[in-house]
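Taking it in order: structure first as structure tokens, then the write-up.
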Amino acid sequence: MSKLFTFRPDTNLSCLSQHKFRRSSNKRFLKPSSSPCLLNSRSLKVSCSIREKENIAENERISPIVTGLKVDDELGEKPGIGIEKLGLENLSWPPWKNVPQRYKLIGTTSLAFVICNMDKVNLSIAIIPMSHQFGWSSSVAGLVQSSFFWGYALSQLPGGWLSKIFGGRIVLQFGVLTWSLATALVPVVAGFMPGLVFSRILVGIGEGVSPSAATDLIARLIPLEERSRAVSFVFGGLSVGSVLGLLLAPPLIESFGWESVFYMFGLFGIMWFLGFQFVAEDQPSINSGSLSRSQSNPKSKSWETSMEEFGGSLNVPWKSFFQSKAVWAMIYAHFCGSWGHYCCLSWLPTYFSEELDLNLTEAAWVSVLPPLASVVVTSFASQFADNLISNGVDTTVVRKICQTIAFLSPAACMILSSVDLGLPPWEVVTILTAGLALSSFALSGLYCTHQDISPEYASILLGITNTVGAVPGIVGVALTGFLLDSTHSWSMSLFAPSIFFYLTGTIVWLAFASSKPQSFKKID
């Protein structure tokens, strides 16, 4: 140690035997112990009691003495005191540094879903000026919007299968990158119909693998008693994305043209992909002890491990899936719910613009109300479902209650909106907003059932039901435009088919749905 001071042999000093940094009034200070230490001219001798040694052993870190002296060379450091020696490494930066890894992944997955629906609804706003510029009829506009769902339907099963093999985290990040690049490509190919359709198919493929990837993440990371909240938080990002997309699109279009929406929203997804790499780097720090007992290891599999399991993963018990009444109930319920959701998502801005004679910005603001209200309903519904399960109510009963609310509420509100009761336009908006918001109860109903009955095959089951659920996006959205050209009636083209599927879906769900865990392997 460098000699900075000279001591007389008979000099007795009191020094610090151990130190801790403590926080008081948002300040840090040293609190020394009262142990005496004796310094002489030849050597530095420290006398500590046995009790003090035990205290030292219990401390995870002991900061070095900070008295203006240089740090001893035995510490292997250069002269001077680093931040880590002062204990400042305990400061959390970034703020989410000490957040459990499963919550980081769930949070970033929800953010991906926000961007997902921003890229989904942007066309429902941009289609209005695009139709005027390119001279599209309602049928052509419906064809353009429905092309997204072609890719969305085709990617469901591959997405679920890949999520099971490689993990939802890996599949999700490449899905986001795919749909973001394809979104930014739309203005380049907009004047060439095959190119435009192909770009929207790519957007659908990228977004199509995301639900299965998210379901895989939740099944791996979240215990049953937290599952409704996790599912609602992740898939609730879709409603937030709809709100943000509908709010941001009109001013961007009016200020910079409709092309700006696709460039800007595509950039958001690319930025998410780059930022997600930092979350992925923290993956090994997951504390498996904090996860539920039934969870598999959430760490991503290496390429070698994944390929070793590749052959076994091909043996999916498809026959067992389709022998289950509960699976068929999920399939039909998903189809019915998607018909109302996708048709309204695609056509409500046009409905509000033409039926209520609102301009682009006003129509978009009104279209924001249903997804905005859904955010509120989602948080309530998830707490409602998890509390019932925690209090001992059968999981199947809880899922049936939530899904019934999700179906009957929008059906009743659409009936009121489609019947000519002489209601003013803003009352119709309020009724539709309430009905579509309550349909968010499905996140605590149908969307939790995949994990309930089989955490192992949850991503594949969602791939199956979401494949069928994407059909209304292909058929329903295009059919709505065709019926609108034929009947010129919004009630017949938009509301009547949705009402039919909501009612029949309720009957099938109550009769056959179940959340009882099933071992599909044993059935085969």
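The values are calculated or read from the model by the stated rules, or taken from the named source; none is laboratory data. The structure displayed is predicted, hence computed values, not measured ones. All Cβ positions, even for glycine, are placed from backbone atoms using ideal geometry, and neighbour counts span all protein chains on display. Side chains are part of the model used for accessible areas, which takes the heavy atoms of the whole protein and leaves out ligands, DNA and RNA. Shrake-Rupley method; radii C 1.70, N 1.55, O 1.52, S 1.80 Å.
Remark: region 364-376, residue by residue, has Karplus-estimated 3J(HN,Hα) of 5, 5, 5, 5, 5, 4, x, x, 5, 5, 5, 4, 5 Hz, where x stands for each Gly or Pro and the curve is 6.51 cos²θ - 1.76 cosθ + 1.60 at θ = phi - 60°. Note on Val397 and Tyr103: with the Förster distance fixed at 41 Å, the Cβ-Cβ geometry gives a FRET efficiency of about 0.90. The distance linking region 170-194 with region 103-122 is 16 Å (Cα centroid to Cα centroid, whole angstrom). Computed with a 1.4 Å probe over protein heavy atoms only, the accessible surface of region 177-286 comes to 36 Å² per residue. Taking chymotrypsin sites (Phe, Trp or Tyr not before Pro) across region 342-425, none is in a DSSP loop with at most 11 further Cβ atoms lying within 10 angstrom of its Cβ.
Expressed as a whole percent, the accessible area of region 395-524 that falls on carbon and sulfur atoms is 72 (1.4 Å probe).
Here the simple spin-label model places points 7 Å from the Cα toward Cβ, and for Asp420 and Ser491 these points are separated by 0.7 nm.
Most tightly packed first, judged by the mean number of other beta-carbon atoms within 10 Å of their residues, the peptides 492-504, 412-424 read 492-504, 412-424. Taking label points 7 Å from Cα along the Cα-to-Cβ direction, Leu154 and Glu225 give a separation of 4.6 nm.
Work through the residues other than Ile401 whose Cβ is under 15 Å from its Cβ and net out their charges, Lys, Arg +1 and Asp, Glu -1.
On the way: positive: Arg399, Lys400; negative: Asp386, Asp394, Asp452.
With Lys, Arg at +1 and Asp, Glu at -1, the neighbours total -1.
Ordering Asp485, Asp386 from largest to smallest accessible area (1.4 angstrom probe), what's the sequence? Each step should come with its number before you reach the end.
On the way: Asp485 60, Asp386 5 Å².
Final ranking, largest accessible area leading: Asp485, Asp386.
Residue separation of Phe192 and Leu274 scaled by 0.36 nm, minus their Cα-Cα distance, works out to 26.4 nm of gained length. Accessible area of Leu348 (1.4 Å probe, protein heavy atoms only, ligands and nucleic acids ignored): about 10 Å². Across region 135-148, computed HN-Hα scalar couplings (Karplus, 6.51 cos²θ - 1.76 cosθ + 1.60, θ = phi - 60°) run x, 7, 7, 4, 5, 5, 4, x, 5, 4, 5, 6, 4, 4 Hz from first to last residue, x flagging Gly and Pro.
What order do you get for 124-136, 456-468 when each peptide is scored by the mean count of other beta carbon atoms within 10 Å, highest first? Before the final figure, lay out the partial values.
Working: 124-136: 17.8, 456-468: 25.2.
Most protected by this proxy first, the peptides run 456-468, 124-136.
Taking the centroid of alpha carbons for each part, region 243-271 and region 443-512 are 28 Å apart.
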